[in-house]
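Report on the structure given below.
The values are calculated or read from the model by the stated rules, or taken from the named source; none is laboratory data. Keep in mind that this is a model prediction, so the values were computed, not measured. Cβ: placed from backbone, ideal geometry, glycine included. Neighbour counts: every protein chain shown. In case anyone asks, the SASA skips ligands and DNA or RNA and just uses the protein heavy atoms, side chains included. Shrake-Rupley method; radii C 1.70, N 1.55, O 1.52, S 1.80 Å.
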Amino acid sequence: MSKLLIDVGSTYFKVCQQSGISQYFRDFKKDIYDDLVTKCGNIFSQYHKEDVFICSSANGGLSTLIIGLTNSFSLKFAKNIAFNSGINIIDTILYSKIEETKAPLELVDVVIVVGGIDSISNVFDEKLLNYLQKVQYSNIVYVGTHQDAKFLVDNIPAIKILGNIITGKLHVNETELKEFLTNLYQADIVGKEDIKHLYELTSNQIYSTPYIVNRSLPLIDANFEVVNPFIVVDIGGATTDIHYSRDLVRDNILTESEYDRLVFKKLGVYKSRETLVFAAKNNEFVYELLSYLNVTENILEEESEKALRILMQLSIFLVLYKVSRLNPMYVTLHLELLKTVVLTGGITKVLSYEEVETIIVFFYKKVMNLHAIPTIVMDYEYAIWTLGMRNNEARS
Amino acid sequence: MKKVVTGVVGNDIHVVANRLIDISLQARGFEVFNLGVNTSLEEFIDAVVETDADILLISSLNGEAEGWCRDLQFLRSEYSLRDVVFVIGGNLAVGEAKQSDIVPKYQSYGFDLVFHQVDLNTGLDTLEAYMKERA
Ligand code: B12
C-alpha cells in the first residue's frame, strides 16, 4: 500500500501520492480540516490512516526572547539552537543592556536565559527579575552556568532548568535545549485547534515543515543534481528560509547537525510584503538592480504579475545579501564556496530558471566580485519536503 | 587556577604559535580557552566575560593587529573589565619597527603587557612575574 503525504502551508496544501504532487490554494474562510476534506476528500478515502503523513507550516511558529551574557557565545549559541529547532526568533537581549531595554509588547512563547560556563557564578541578579516582571511569557528556560540555577529557581516561578549550552571549553552543547524547544514547537503546532482536528485523517504524528525539510537535507544530493556545499532557499508567502550546509560557516561553533536554518520573517512576498519592500529600498544595490531588470522603483508599489516576479527576485537577492560578508552583524556564509543553490517554495511556481539565474549572476558580480555562479536547481514540485517525510517513516 | 583566553586576532591564520601558546600555558598551570585563529576583538572580550578569565592573551603574526585592537579601551569599559590583564604579542607591525614606538602605542590602546617579536618563554615568564606582583 502506498503513502499519502500532505504539507499544510500558509498559502497552499501540497498533496503527494505515488502518482505525483498536486497543490491546492487554501480557502481562508474555512478551517484547515474542512478545506482539506472538501478539496481532497476522495483522495483520503483511498488511504488508511496509518499511511497518511502530515506536516504543517501554517501559523508561523514560536516566538522567542533570548537573554544572554554576550553576543559571541550565549546569544549566538542559543540563537543557533533555536533556529535548528524550527523556531522564529523575535528578539535577543544583551544582559549588560537589560536595564535600558524595553520589554516586548506581545506575548512571548518562550524566554531563554543563558550565560557563563559552569565554573562561574553570580552572572544573573535582580536586574533579570525586574525585567522579567515586565515580560509576558508562556515558558521560560535557563541554560546558563549551573551555579546560578538555584537563584533563578528561587525567584522565577516555573522556570525550567536544563544543562548549560556553553561547555567548559566554550563550545556549544545543544542536546537538551534543542530537544526541549523542538518538543515545545511540536506541541504548539499540534496543539493548535486547527491542526488537532487533522488527527482524524492520520494516525501518525504531525510534524512542522521546517523540521521535515531539515531532515531531508542529507538526502538531497541523492535526488537532485546537487553538489555540496549547497543552500536551500525556501521563499514562501509569509517567510523566507535558508537551510545551509555547515561547511559554509567558519565559526568556532561545533554542533552535531550538518545543516542549519535561518528564517527571515520579514521577507515574504505576500504576508510580509511591506517589510520586504522596506528592506529593498534600504539596500545599497537596489537601484542598480532594478535598472538591471529594466524596471523603475514604482514597480514596488504595483499590484501586478510583473511586480510579484520582481519582488521574488528581490527577495532572492536580499536573502543572499543578508548572509553575505556585507552584512557582518548576521550569520555570515562563505558564499564563494557555494556549489549549488536549490530554490523551493512558492517561488518556483512564479519565476523561471532564467529569472533566477539573472539575479544570482547580478549578486555574484556585484556583491562577491565573481563571474562564476553556483549551479541553480529548481525544486518545481516542492519535492524536498517529501524526502524528509519519507525519511521520517523509515525512522519511525 | 588562573584562567586565560587566547587566540590570534583578525584575519590572521598563522596557527603554529597559537598551538605552542596553548601548550605552554597549560604546562605552566593555566586553564586555557583557545579561540584559535581569525578571532575578532569582540569575540575575545566576550570569551573573557563568559569564562570570567583573569588574562586575555592575544597574538598577532601578520602585522595587522593595530587595526583590530583600537577599540579595546571602549570594549573594556563596556563590561567593566578592570581587573583583567591584557597581553599582546607576536609581530605587532608591518615590516621593521622599533620596540620603543610599538610598546607605548599598544599600551595606549589598553594593553598591560606588549611583546613585539619577543620569544614566547621570555614573554610568559614576564607575565607570571607580573601576576605575582599584582597578587
Ligand atoms: C608559515 C607562515 C605562513 C603560512 C601560515 C600557515 C599557518 N596556517 O600557520 C602561510 C603561508 C599561510 C602564511 C600566510 C601569510 N603570511 Co606568513 N609566515 C609564515 C612564517 C614563514 C612562519 C610562521 C610560523 O609558523 N612560525 C613558527 C612560530 C612558532 O613562530 P611565530 O609565529 O613567529 O611565533 C613566535 C613568536 O612570534 C611568539 N609569539 C607569537 N604570539 C605571541 C604572543 C605573546 C603574548 C608572546 C609573548 C609571544 C608570541 O612566540 C612564538 C614562538 O616563539 C613567517 C615568517 C617567519 N619565519 O616567522 C611568515 C610571516 C609571519 N607571514 C607574513 C605575512 C605577511 C603573511 C601573509 C600576509 C602573506 C601574503 N601576502 O599573503 C599571509 C597572511 C595570511 C593571513 N590572513 O594571515 C609576515 C608578517 C610580516 C609582518 N608582520 O611584518 C611574516 C613574518 C613573513 C615576513 N617576514 O614577511 N604565512
Would you work out which of B:36, A:198, A:344 lies farthest towards the positive end of the dipole of the protein assembly as shown, given +1 charges on the beta-carbon of Lys and Arg and -1 on that of Asp and Glu, about the Cα centre?
A:198
Among beta bridges assigned by DSSP with both residues in the protein assembly as shown, the antiparallel ones amount in percent, to the nearest 5, to 30 percent
Report residue A:31's accessible area, 1.4 Å probe, all protein chains in place, as a number in Å² to the nearest 10.
50 Å²
A correct Karplus calculation of ³J(HN,Hα) over segment A:350-365, with 6.51 cos²θ - 1.76 cosθ + 1.60, θ = phi - 60°, whole Hz and x for Gly and Pro, returns 10, 8, 8, 4, 4, 5, 5, 4, 3, 6, 6, 4, 4, 4, 5, 6
At a Cα cut-off below 22 Å, give the lysines reachable from residue A:339, other chains included and same-chain residues fewer than 8 away excluded.
A:322, A:365, A:366
Computed over segment A:320-372, the ratio Rg/Rh where both radii use C-alpha atoms and Rh is Kirkwood
0.98
Segment A:62-182, relative contact order in percent, only Cα pairs under 8 angstrom and at least six apart counted:
28 percent
Hey, got the average number of other protein chain Cβ atoms within 10 angstrom for residues in B:45-57?
5
In nm, to one decimal, how far is the modelled label at residue B:96 from the one at residue B:77, with both set 7 Å along Cα→Cβ?
3.8 nm
Counting only protein heavy atoms and leaving out ligands, DNA and RNA, the solvent-accessible surface of residue A:39 at a 1.4 Å probe, in Å² to the nearest 10, equals 70 Å²
Counting Lys +1, Arg +1, Asp -1, Glu -1, what net charge surrounds residue B:92 among other residues with beta carbon under 15 Å of its beta carbon?
-4
Extend 7 Å from the Cα of residue A:197 along its Cα-to-C-beta direction; within segment A:12-33, residues with backbone N under 19 Å of that point are A:12-15, A:24-33
Can you list the HN-Hα couplings for segment A:37-45, worked out from phi with the Karplus curve (6.51, -1.76, 1.60; θ = phi - 60°), rounded to whole Hz and with x for Gly and Pro?
5, 4, 7, 10, x, 5, 6, 4, 5
If A:161, A:384 are ordered by their accessible area, calculated over protein heavy atoms with a 1.4 Å probe, which sequence runs from highest to lowest?
A:161, A:384
Output wanted: per-residue J couplings in Hz (rounded whole) for segment A:96-107, from phi through Karplus 6.51 cos²θ - 1.76 cosθ + 1.60, θ = phi - 60°, x for Gly and Pro.
5, 10, 4, 5, 8, 8, 6, 6, x, 7, 8, 5
Can you tell me which of A:177, A:338, A:290 moves the most in a GNM of chain A? Springs connect C-alpha atoms under 10 Å apart.
A:290
In whole angstrom, largest first, the equivalent ellipsoid semi-axes that the Cα gyration tensor gives for segment A:62-182 are 19, 17, 13
Peptide A:120-128 - average C-beta neighbours from other chains (10 Å radius):
1
Under a crude label model (7 Å from the Cα following the beta-carbon direction), how far is residue A:21 from residue A:301 in nanometres?
3.7 nm
Chain lengthening between residue B:27 and residue B:117 when straightened (0.36 nm per residue, less Cα-Cα)
30.2 nm
How compact and how long is segment B:3-134, expressed as Rg and Dmax of its alpha-carbon atoms in Å?
13.3, 37
Order of exposure, largest accessible area first, which applies to B:39, A:182 with probe 1.4 Å:
A:182, B:39
FRET efficiency for residue A:358 and residue A:219, Cβ-Cβ distance as r, R0 = 30 Å, nearest 0.05?
0.50
Heavy-atom accessible surface of segment B:3-134: percent carbon and sulfur, 1.4 Å:
49 percent
Could you work out Rg/(2.2 N^0.38 Å) for segment A:176-236, with Rg from alpha carbons only?
1.42
Fully extended contour minus Cα-Cα distance, from residue A:91 to residue A:106, at 0.36 nm per residue:
4.2 nm
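Keeping every protein chain in place, order A:21, A:316 by accessible area at 1.4 Å, biggest value first, i.e. largest first.
Order by accessible area, largest first: A:21, A:316.
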What translational diffusion coefficient, to the nearest whole µm²/s, does the protein assembly as shown have by Stokes-Einstein, given a Kirkwood radius computed over alpha-carbon pairs, a temperature of 25 °C and 0.890 mPa s viscosity?
96 µm²/s
Residue A:139: net charge of surrounding residues, Cβ under 12 Å, Lys/Arg +1, Asp/Glu -1, itself excluded?
-1
List the relative contact order of chain A as a percent without decimals, with contacts defined as Cα pairs under 8 Å and 6+ residues apart.
15 percent
Value at 222 nm in deg cm²/dmol, rounded to 500, when DSSP H runs of n ≥ 4 in chain B each add -39,500 (n - 2.57):
-13500 deg cm²/dmol
Out of A:62, A:151, A:128, whose Cα points farthest toward the positive end of the dipole of segment A:62-182 (charges: +1 Lys, Arg; -1 Asp, Glu; placed on Cβ)?
A:62
Amide H contacts of residue A:205 (H built 1.01 Å from N, under 5 Å, at least 5 apart or other chain):
none
Per residue of chain A, what 222 nm ellipticity follows from adding -39500 (n - 2.57) for every DSSP H run with n ≥ 4, rounded to the nearest 500?
-10500 deg cm²/dmol
Given the whole protein assembly as supplied and a 1.4 Å probe, what does the accessible area of residue B:134 come to in Å², nearest 10?
120 Å²
Other chains near A:67-79: what is the mean number of their Cβ atoms within 10 Å of each residue's Cβ?
3
Non-local amide H neighbours of residue A:91 (under 5 Å, H modeled in plane, Pro and chain starts lacking H): which ones?
A:64, A:66
